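What follows is a short report on a single structure.
The values are calculated or read from the model by the stated rules, or taken from the named source; none is laboratory data. Predicted, not measured: the structure shown is a model, and the values here were computed from it. Backbone-built Cβ (ideal geometry, glycine too); neighbour counts: all protein chains shown. These accessible areas exclude ligands, DNA and RNA; they are computed on the full protein's heavy atoms, side chains included. Shrake-Rupley method; radii C 1.70, N 1.55, O 1.52, S 1.80 Å.
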Amino acid sequence: MSNKGQILAVDDTPANLQVIGETLRNAGYTVATAIDGERALKRLQRYQPDLVLLDIQMPGIDGFETCRRLKAAPNTQHIPVIFITALSDTINKVKGLQIGGVDYITKPFDCAELLARIQVHINLKKAQLQLIQESKLSTLGELVAGIAHEVNNPINFIYGNLKHAAQYHQDMLHLLELYENQYPDPPQAITDWREQIDLAFLKKDYFALLESMKTGTERIKGIVVSLRSFSKLDESEWKTSDIHEDLNNTLTLLSYRLQANSYRERIKIDKNYGELPLIYCNPAQLNQVFMNLLVNALEAIDAKYWHEQDNVKDNLEPPQLIISTAIEMRNGEKFIGIHIQDNGVGIPEEIQPRIFEQFFTTKSTGKGTGLGLAIAHQIVTEKHGGAIACRSELGTGTEFIIFLPL
Ligand SMILES: Nc1ncnc2c1ncn2[C@@H]1O[C@H](COP(=O)(O)OP(=O)(O)OP(=O)(O)O)[C@@H](O)[C@H]1O
Ligand SMILES: [Mg+2]
């Protein structure tokens, strides 16, 4: 199958549909057809092409009305529509463009012109996604690098001073011991105070307390390092990189979402990392891919546990993410395979073909933009020459596989 783009052609004359279909298929597009506006809209509920070619004069609702409805529905409004019609007067052309068409071609059409115009609009749509992706990436990158920088300094004061605090305390304890040895019978007020503060406990607990402060600051320092390498702002874009390090950094940033909560236990992470060479890639972009896939997986797990009743939950397997990597053969070539598998809600079979589409989401408005997988797809396939695939079973879980060329 070609990947030049998918087009839905709508025309009530079968002969026209046939000519258009043949022209487009020969040029490398995948084509679906509909013989009137209502059927086209119905089709669009389940299938999202890159572009719609729309006749205007049709029985039932005409092309203008079809376009109006398509532009009014949130899940189809971003699909570009080109009118293709025998109505050649300016009033109709203007009307078509006003209600949201991106172009207007009159019949009889010239094949080369039709193909050229279609390609322009498909390219425009791709460029739009790329712009969104780049602006999302750079704002996120800048934000993350900024926070990392701001947190880094104060945490270093604390970390650096903990060493001195321990040393000073040790010195004071030593002084206290000297006093105790030299003056074994102190006045009553001193004995009372020593009992009141439970000196023996205080001596021991003070070190435990410093130790836990040290562990805490070390954890924060780890997060700062992950944030910096996640944004990779201080490094050149394309370089050789360790995929495992990148995966681990992204997981560190998400660790707050793994914690146990009121409706499920802690999400377990299983890592089956194979032997991988360093690969030449754009780590900031790949981190974005890992982040998008991991967030989806966590959301799918949360969705599963959130809905289930307590008595059902006891029979569910514990929430789990499995991340595995290996060198794998694909179509006779060696690739790095990265598998991200969750045991969340799974994806219904009928929507699986649509998940990589831009703006396709099953999450409520405001929660999902439907761009996560579209961006991941673009980064993996177009930027890195790899591939991304998905296997899923409703109720059992989902596995995404990224293939990166060596
Ligand atoms: N691991 C998964 N398990 C179940 N469903 C998934 C999983 N990953 C993706 N999906 C489905 O694919 C849809 C599209 O995912 P995508 O990441 O592109 O958008 P989103 O998560 O809805 O929004 P966002 O732009 O915030 O990422 C999701 O709405 C969801 O229905
Ligand atoms: Mg997502």
_Leading residue at positive end of dipole, the chain (Cβ point charges), from P74, P318, W306_ = P74
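I need the shape label for region 6-109. Rule: rounded when a/c is under 1.5, else prolate if a/b > b/c, else oblate, with a, b, c from the alpha carbon gyration tensor.
rounded
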*Label point distance in nm, E350-L394, each placed 7 Å from Cα along Cα→Cβ*: 0.8
*Using the Karplus curve 6.51 cos²θ - 1.76 cosθ + 1.60 with θ = phi - 60°, work out ³J(HN,Hα) for each residue of region 102-112 in order, rounded to whole Hz, and write x for Gly and Pro.*
9, 7, 8, 10, 9, 8, x, 9, 8, 4, 4
*asked:* Pick from N296, N153, N248 the residue whose mean-square fluctuation is largest in a GNM of the chain, springs joining Cα atoms under 10 Å.
replied: N153
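Add -39500 (n - 2.57) for each DSSP H run of 4 or more in the chain, then divide by its residues: what number comes out at 222 nm, to the nearest 500 deg cm²/dmol?
On the way: 12 runs with 206 residues, N = 406.
After summing the helix terms and dividing by residue count, I get -17000 deg cm²/dmol.
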*For L278 and I158, calculate 0.36 nm times their separation in residues minus their Cα-Cα distance, and state this gained length in nm to one decimal.*
39.6 nm
*Considering amide H positions built from the backbone, and no H for Pro or chain starts, which residues 5 or more places from K268, or on another chain, come under 5 Å of its amide H?*
Q320, L321
*asked:* Give me, ordered by chain and number, the residues 5 or more places off A326 or on other chains with an amide H under 5 Å from its own placed amide H.
replied: G274, G337
_Computed label-point distance, nm, for sites E211 and T106 using a 7 Å Cα→Cβ extension_ = 8.7
_Dipole of the chain [Lys/Arg +1, Asp/Glu -1 at C-beta], most positive-end residue of I220, L124, N152_ = L124
*At a 1.4 Å probe radius, carbon and sulfur cover how many percent of the accessible area of region 6-109?*
51
*When ligands, DNA and RNA are left out and all protein chains stay put, how many square angstrom of accessible area per residue does the chain have with a 1.4 Å probe?*
55
_Treating only the Cβ of Lys, Arg, Asp and Glu as charged (+1, +1, -1, -1), what charge dipole size does the chain show about its Cα centre? Round to the nearest 20 debye._
1120
*Once label points are set 7 Å from the Cα along Cα→Cβ at both Q77 and R39, what is their separation, rounded to one decimal in nm?*
2.8
*At 1.4 Å probe size, with no ligands or nucleic acids counted, give the accessible surface of Y179 in Å², nearest ten.*
130
*In whole Hz, with x marking every Gly and Pro, tabulate ³J(HN,Hα) for region 48-59 from phi via Karplus 6.51 cos²θ - 1.76 cosθ + 1.60, θ = phi - 60°.*
10, x, 7, 7, 10, 9, 10, 6, 9, 8, 9, x
*Residue-wise, which Karplus ³J(HN,Hα) couplings in Hz belong to region 183-193, taking 6.51 cos²θ - 1.76 cosθ + 1.60, θ = phi - 60°, and x for glycine or proline?*
10, x, 10, x, x, 4, 4, 5, 4, 4, 5
*For region 239-405, state the semi-axes of the equivalent ellipsoid (square roots of 5 times the eigenvalues of the alpha-carbon gyration tensor), sorted largest first and rounded to whole angstrom.*
27, 18, 15
*Could you please state, rounded to a whole Å, how far the C-alpha centre of region 301-340 is from the C-alpha centre of region 10-54?*
37
